[in-house]
Each structure stands twice: as structure tokens, then as C-alpha cells.
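**Student:** The structure that follows is given in the form of C-alpha cells.
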Protein chains: 2
Amino acid sequence: MNFSSKLLENAVSEFGKLPGIGQKTALRLVLHLLNQDDKDVERFTESLTLLKNNIKFCRKCHHLSDADYCEICSSTKRNQKLICVVEDSRDVMAIENTQQYNGLYHVLNGLISPMDGVGPADLTINHLVQRVNEEEVDEVIFALSATMEGDTTLFYLHKKLQNPGVKISTLARGIAFGGEIEYADELTLGRSITTRVPYENTLNR
Amino acid sequence: MNFSSKLLENAVSEFGKLPGIGQKTALRLVLHLLNQDDKDVERFTESLTLLKNNIKFCRKCHHLSDADYCEICSSTKRNQKLICVVEDSRDVMAIENTQQYNGLYHVLNGLISPMDGVGPADLTINHLVQRVNEEEVDEVIFALSATMEGDTTLFYLHKKLQNPGVKISTLARGIAFGGEIEYADELTLGRSITTRVPYENTLNR
């Protein structure tokens, strides 16, 4: 596209590098910002610079945090004996949004993926093992994606965490609530039949 | 959503103000930038700051420009006797992309819209009238959206530009190339029948 302005072209090219943002959307965003007050644009760029320069990762669970320890790990109201293992900080936010979980987290910062060259050493697995051994942990919940990488990581972690006092569990899988049977994918539907649960178990939810 | 970080929340909220970007997309973009090198993020914010501080509007056609006069107005290869009137700079880029037009432009910076409190004085209409009267102009082409506001602006401008030596034209309207008749909207289809053209006219395109 001919922008007739190098400055505009540069800004559009930078925005176009963001995931899911093509050139046309990038142009729309840049022109929108160009129409805003100087102060608004300054606030926009400053928020990003501040974030980039000052964000930390919690020393305990590796979740994004403003301080050395994140709000969740610092809270006295959380159940310290539960650790939910997730791939990244976005998963923590998603689970927090449900308001159904009151324990701590452990962010792996990725999943084991030999295809992408990501091995156990690239993740925070050793720290998780250390936490499970040193802290008083009752249960480790794996909330990993049901993909090849998720299953590989789960298998590896399960072997690593052979601690008799610690229960290991994973998220329940099956037909989504509100999901229609005829539109469920074959794999999920098939598995949800073989792993069917007694009706009484579903009543007290 | 609970971000457990004020810095992250601020950045996501700033990104969420962009048109078409919701909270979830904003979070995805911010986390993506957080995973980039410091240098990349700096380049991103700097491109925007540079653009905002240094971009100019062409003194002749009001198109976005790095210099006082834009590339198009400065070019000696363009037909100086043709002026294409558009709503904003994005339209200039869209028409330039077609590589079918070799004249100059005039960016109105909006359309007359009494509902939004935009009157003729808010646009660059006086400058356009001045250009048509002072420069040697053969033809003024209106490339405005086929909306209420576009038609109002067109009507107003047509009255203002009563210069006997200047031809006034608008974009051709009708069924899109590649468009299927049965899916064309009624209005366009109806108008394209009443304004039908001789078959011979369509051959040398």
C-alpha cells in the first residue's frame, strides 16, 4: 500500500506485527490514534513502556505481578495447600474469572514441545517440583490444554511429582455446559460416554 | 477481569480503547508485546510518538504527509488539472492502490453531517473552492461514500463549485465486478438497471 508518508508507514508496519492485526486494521488503529489528543497517545505509549520496564514475575508462582510476590501468593485467604499448574498467565486470569478456585497457581511459561525446541529445562518445572517437596501441598491440579503438548507436559510432570502425600488431578473433560450433543466433536463425545459419571455426582454443583 | 497487576490492567485498558479491540484481544496484544525484546517494544512506541509529533497535513490537498506538501502534490508526473475529492486520507490510499488515477486529491477531513454537528465550516471546503478557482482545473471528481452524509456533502459542493469551465463527476455506481446479481442489494440493482450503459462503452476497459 502507498502511504505517501514514511512516518505513517513505519507506525502501520509496527502495528501490523501484532498477532491478528493485518495491514488494513493496523492503518485503522494508527489513524485512530492520530486523531486522538497528544495526551491520549502519550498515555497509550507510556502505559506500555511502564508495563514493559516494571512488570515482574512472582517469585513463587511466576504469574505476572507488580511486586516480588503476586496478589494471589500474598493473600492469606487462599488455600496454600492447593497448586493449580497452568501454561501461562492468561490461564490464571481465566480461572480467576470463574471465581471457583481458591488455591495458588504455578505458571509453567509454556508447554513441553520438542517440535518447537521447548524442553523441560525451558519451563519452571524444577521450581514446581521444589515447591511440592518443600511446601505443605495436598493437591496439584493440572489445568493444561488438551493438546499433544499439554498431554506430554502432563505425563512428564506426573512422573516428576511422585510424592505419596500429594494428590494429582486434572480438569474434568467432556461436553461443554450448554453444548448440544449433535455439535460436539466425536472425540469429546466418545470420551464423555466412556468416562460417564453417576447422575447423583452432578447434583450438588 | 482480574489482572492482579495494575501495570498490566492499565496497558490492557489503553489498548481496549482502540476501535474494534475488545478486552480479550487487548490482553493478547499486550502479552505479545510483553514477550518481545525491549528494543522491539521501544520501536513500537517510538514509531507512534514520532508519527504523532511529526506528521503534517499537505498544505495543498490536506493528505497526510511528512513534508509541507505531500508526495502526490509534489509530483510532476501527476495531472494537475484533475482533483479527486475524498472524505479522508484512507480514501486517498485506497484510490492510489488501484493505480487507475493520476490526478491530485483534496481531502475534506470528514463529511457534512448535521446529526454529528459537522457543518461545511468544519471541513476543508473553502480551500477546495479556492483551489478550483485559482488553479487550472479541468475536472473535479467526487469519490464520496454513497451515504446520506456523502450525498449531502456532494449536493453542497456541487452548488459551491458553479464554475463553467470545470467538469464535475462522481464515481460510477452499480453492481460490483465479480458480484452476483441475486446477492446485490435491491437499491443498487434497481439503480443499475435505470442507469444502464451501452454494451460498447464497457468494452475498452
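**Student:** Given the conditions (1) small (Gly, Ala, Ser); (2) within 29 Å of B:Val12 (Cβ to Cβ); (3) at pLDDT 90 or above, report the number of the one that A:Ala146 does not fulfil.
**Tutor:** That leaves (3) as the condition not met.
**Student:** Within the bounds of segment B:59-76, is there any residue that is closer than 23 Å to A:Asp88 by Cβ and either acidic (Asp, Glu) or not assigned by TED's automatic domain parsing to the domain that holds B:Thr124 (or both)?
**Tutor:** So far as segment B:59-76 goes, no, none of its residues is closer than 23 Å to A:Asp88 by Cβ and either acidic (Asp, Glu) or not assigned by TED's automatic domain parsing to the domain that holds B:Thr124 (or both).
**Student:** Those residues that are in a helix (DSSP H, G or I) and either of a type in the set (A, V, I, L, M, F, W, C) or over 13 Å from A:Ala143 (Cα atoms) (or both), I need them from segment A:71-103; list them, please.
**Tutor:** Once the filter is applied, which keeps residues that are in a helix (DSSP H, G or I) and either of a type in the set (A, V, I, L, M, F, W, C) or over 13 Å from A:Ala143 (Cα atoms) (or both), segment A:71-103 yields A:Glu71, A:Ile72, A:Cys73, A:Ser74, A:Val92, A:Met93, A:Ala94, A:Ile95, A:Asn97, A:Thr98.
**Student:** Sticking with this structure for a sec: For the structure I just gave you, tell me whether B:Val12 is farther than 17 Å from A:Asn109 by Cβ, within 7 Å of chain A (Cβ to nearest Cβ), buried (at least 18 other Cβ atoms within 10 Å of the Cβ) and hydrophobic (A, V, I, L, M, F, W, C).
**Tutor:** So B:Val12 fails the test.
**Student:** B:His106 passes all but one of (1) touching a residue at least 40 places away in the same chain (Cβ under 8 Å); (2) part of a loop (DSSP other than H, G, I, E, B); (3) touching a strand residue (DSSP E or B) at 6+ places or on another chain (Cβ under 7 Å); which number fails?
**Tutor:** With (1) touching a residue at least 40 places away in the same chain (Cβ under 8 Å); (2) part of a loop (DSSP other than H, G, I, E, B); (3) touching a strand residue (DSSP E or B) at 6+ places or on another chain (Cβ under 7 Å) applied to B:His106, the lone miss is (2).
**Student:** Which of (1) surrounded by 13 or more Cβ atoms within 10 Å (Cβ to Cβ); (2) out of contact with any Phe, Trp or Tyr (no Cβ under 6 Å at 6 or more places or on another chain) is the odd one out, the single condition A:Thr147 does not satisfy?
**Tutor:** (1)
**Student:** I need the full set of residues from segment B:125-154 which are small (Gly, Ala, Ser) and in contact with an Asp or Glu (Cβ under 9 Å, 6 or more places away or on another chain), in order please.
**Tutor:** B:Ala143, B:Ser145, B:Gly150
**Student:** Only one of these conditions is not met by A:Ala121: (1) over 21 Å from A:His62 (Cα atoms); (2) among the small types (Gly, Ala, Ser); (3) surrounded by fewer than 13 Cβ atoms within 10 Å (Cβ to Cβ). Which number is it?
**Tutor:** Checking A:Ala121 against (1) over 21 Å from A:His62 (Cα atoms); (2) among the small types (Gly, Ala, Ser); (3) surrounded by fewer than 13 Cβ atoms within 10 Å (Cβ to Cβ), the one that fails is (1).
**Student:** Another one. If the requirement is being of a type outside the set (Val, Ile, Thr), in contact with a strand residue (DSSP E or B) (Cβ under 7 Å, 6 or more places away or on another chain) and within 18 Å of A:Cys84 (Cβ to Cβ), which of these qualifies: A:Lys167, A:Lys160? First the steps, then the outcome.
**Tutor:** On the way: A:Lys160 fails: in contact with a strand residue (DSSP E or B) (Cβ under 7 Å, 6 or more places away or on another chain).
Among A:Lys167, A:Lys160, only A:Lys167 is of a type outside the set (Val, Ile, Thr), in contact with a strand residue (DSSP E or B) (Cβ under 7 Å, 6 or more places away or on another chain) and within 18 Å of A:Cys84 (Cβ to Cβ).
**Student:** Taking the stated definitions as given, is B:Leu18 on the phi < 0 side of the Ramachandran plot and not in a helix (DSSP H, G or I)?
**Tutor:** Against the criterion (on the phi < 0 side of the Ramachandran plot and not in a helix (DSSP H, G or I)), B:Leu18 qualifies.
**Student:** Also: With the requirement that a residue be under 14 Å from B:His63 (Cα atoms) and of a type in the set (Ser, Thr, Tyr), what does segment B:80-118 give you?
**Tutor:** B:Ser89, B:Tyr105
**Student:** Which of the residues belonging to segment A:160-205 are assigned to a loop (DSSP other than H, G, I, E, B) and under 30 Å from A:Asn133 (Cβ atoms)?
**Tutor:** Residues of segment A:160-205 assigned to a loop (DSSP other than H, G, I, E, B): A:161-166, A:171-180, A:184-185, A:195-198, A:203-205.
Residues satisfying the conditions are A:Leu161, A:Gln162, A:Asn163, A:Pro164, A:Gly165, A:Val166, A:Leu171, A:Ala172, A:Arg173.
**Student:** If a residue has to be β-branched (Val, Ile, Thr), more than 25 Å from the chain's Cα centre (by Cα) and either outside any helix (DSSP H, G or I) or within 21 Å of B:His62 (Cβ to Cβ) (or both) to count, how many in segment A:21-47 make the cut?
**Tutor:** 2
**Student:** Assigned by TED's automatic domain parsing to the domain that holds A:Leu108, touching a helix residue (DSSP H, G or I) at 6+ places or on another chain (Cβ under 9 Å), surrounded by 15 or more Cβ atoms within 10 Å (Cβ to Cβ) and in a loop (DSSP other than H, G, I, E, B): is that true of A:Leu157 in this structure?
**Tutor:** The answer is no for A:Leu157.
**Student:** So for segment B:169-184 (the condition being under 26 Å from B:Gly119 (Cα atoms), buried (at least 16 other Cβ atoms within 10 Å of the Cβ) and of a type outside the set (S, T, N, Q)), does at least one residue qualify?
**Tutor:** Looking for residues that are under 26 Å from B:Gly119 (Cα atoms), buried (at least 16 other Cβ atoms within 10 Å of the Cβ) and of a type outside the set (S, T, N, Q), one finds none in segment B:169-184, hence no.
**Student:** Further question on the same structure: Of the residues that make up segment A:51-58, is at least one touching a strand residue (DSSP E or B) at 6+ places or on another chain (Cβ under 8 Å) and among the β-branched types (Val, Ile, Thr)?
**Tutor:** Yes, segment A:51-58 contains a residue that is touching a strand residue (DSSP E or B) at 6+ places or on another chain (Cβ under 8 Å) and among the β-branched types (Val, Ile, Thr).
**Student:** Continuing with this model, one more query. Do we have B:Ile112 as more than 21 Å from A:Glu9 (Cβ to Cβ) and either of a type in the set (Lys, Arg) or surrounded by 18 or more Cβ atoms within 10 Å (Cβ to Cβ) (or both) here?
**Tutor:** yes
**Student:** Continuing with this model, one more query. Identify, please: which residue in segment B:64-94 is within 9 Å of the chain's Cα centre (by Cα), in contact (Cβ under 8 Å) with a residue 12 or more places away in the chain and closer than 17 Å to A:Met1 by Cα and is, among those, farthest from the other protein chains (Cβ to nearest Cβ)?
**Tutor:** By that ranking, first place goes to B:Asp91.
**Student:** With (1) farther than 26 Å from B:Leu171 by Cβ; (2) touching a strand residue (DSSP E or B) at 6+ places or on another chain (Cβ under 6 Å) as the list, and B:Ile21 as the residue in question, which single condition is left unmet?
**Tutor:** Answer for B:Ile21: the failing condition is (2).
**Student:** Checking the condition part of a helix (DSSP H, G or I) and under 25 Å from B:Cys61 (Cα atoms), which residue from A:Leu8, A:Leu50 passes?
**Tutor:** Result of the check over A:Leu8, A:Leu50: A:Leu8.
**Student:** Residue under question is A:Ile112, and the condition is that it be over 29 Å from B:Arg43 (Cβ atoms), facing chain B (nearest Cβ under 7 Å) and in contact with a Ser or Thr (Cβ under 9 Å, 6 or more places away or on another chain); does it hold?
**Tutor:** no
The values are calculated or read from the model by the stated rules, or taken from the named source; none is laboratory data. None of the values given here were measured: they were computed from a predicted structure. Counting neighbours? That spans all protein chains shown, and the Cβs are built from the backbone with ideal geometry, glycine included.
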